[in-house]
Structure formats: C-alpha cells, structure tokens
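Note sheet for the following structure.
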C-alpha cells in the first residue's frame, strides 16, 4: 500500500517529461496520459508485484530504488536494480514471474497497461524507444550471465560497473547526483555469492586499488 499520494497533474506531467521513452510526446498528450496515471510514495519493503500478484501497469520510478528478483526455496536472486527514470512493469505480456520490491522509499508513477499500449500504437516512435529499452535490458542480462564464468572477484567488479553505468546514464541521475551505494548482502544477492565471500573480496579489491569506498557516504567508485 502507498504511504503517500501526489496525484497533482503538474507532478505527473513532470515525471513523464523526464523519461526517455516519452521523449517527443508533446505536453498536451502528456497531460492526457497524466490524467489517468497515479503517483504514489511507497515505503521500503513494499512488494509492488509478484508472481502471485502480477503487474497491471507500466511504472516509472521517479524517486528511490526498486529491485527485481526471483525467489526460489527462500534464496533471493536479484537480476535488476532500478534507479530514478527507469521504466518497468507489464508491457502487455499479462504476467510477471518475478518480484518487484521497494528497497528505498520510492515515488512511482503508474499508467494502466492498456492505455500505455494505445499510446504506443498512436506514436510509432515510442515503439522504437521501447524496443531499445527492452534490447538494452536483454543485453544487460546476457552480460550478467556471461559474468558467471568469471572469477568471483571479477563478478563483483562487473556487477558494480553495471550498477555504476546504469546509475549515471539515466535522465534523472543527469539532473541530480545519485551516489552508488550497495550493501554487502545486496551485492551477494545480485552475484549469487555468499556475504562472507563478498566482504572478503571487496576488501581485497580496495587493497589492490581497483575500487574506492567513501567511509562517510558509503559511495562505491570502481577504478577503471
């Protein structure tokens, strides 16, 4: 359940204006979309959707952080971390076989899937941008799978680089400095390694000067 709603039209139009997939859509069309959209704040730990309660909207993360993961016999495997500006949810498939959980208090703008698909039909350039978004996600998943054949230390570095690149390249991160922070446990869940191994290898990577960790802010910087 949302902890706060902000369904003012200007707030929703602002959110739509700063997402790549809606680029080129004029403000009149954005206002039309915004009227049927909702914008709510969700607390940490909120499950937005799951295999048992599939998504029925296309969601834009305006603020905060959301993780997408699979859960098998109690073991969590995170396959994507979403940052402000990311789009996710149901793009017309009708089912989502994974969990979406808020990991930092988040503000999310939701558009019903059927209305989003009508918009894509009316604006073919949106379909091309959506294909690009989905292709980039597929490429990211392929790189993640390829990384499994590397050493544990290189898997950690690859994962941190993916997070760093994604964090700095989204439209909202260009407007605001959003530092990369991740706990050892979360990094373990994203790489499939155990927490003790992750902690040990992060220490080795710092000693080798392959990454820096700001002890005050917790920001992680990979040295390329």
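Summary table below
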{"item": "Distance between the stretch 32-61 and the stretch 97-151 - C-alpha centres, whole angstrom", "result": "14 Å"}
{"item": "Cβ-derived FRET efficiency at R0 41 Å, residue 53 paired with residue 32, nearest 0.05", "result": "0.90"}
{"item": "Extension gain, residue 14 back to residue 132 (0.36 nm per residue minus Cα-Cα distance, nm)", "result": "40.2 nm"}
{"item": "Value of relative contact order over the stretch 42-135, rounded to a whole percent, pairs C-alpha under 8 Å and six or more apart", "result": "38 percent"}
{"item": "Spin-label model distance (nm) - residue 125 vs residue 154, 7 Å beyond Cα toward Cβ", "result": "4.2 nm"}
{"item": "Chain lengthening between residue 140 and residue 200 when straightened (0.36 nm per residue, less Cα-Cα)", "result": "19.0 nm"}
{"item": "Sequence of 196, 66, 31, 120 once ranked by neighbouring C-beta atoms within 10 Å, starting from the fewest", "result": "196, 31, 120, 66"}
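Quick note: the coordinates plus some simple rules give every number you see, no bench work behind them. Everything numeric in this text was worked out from a predicted model, so none of it was measured. Here the Cβ is made from the backbone with ideal geometry for all residues, glycine too, and neighbour counts use every protein chain on show.
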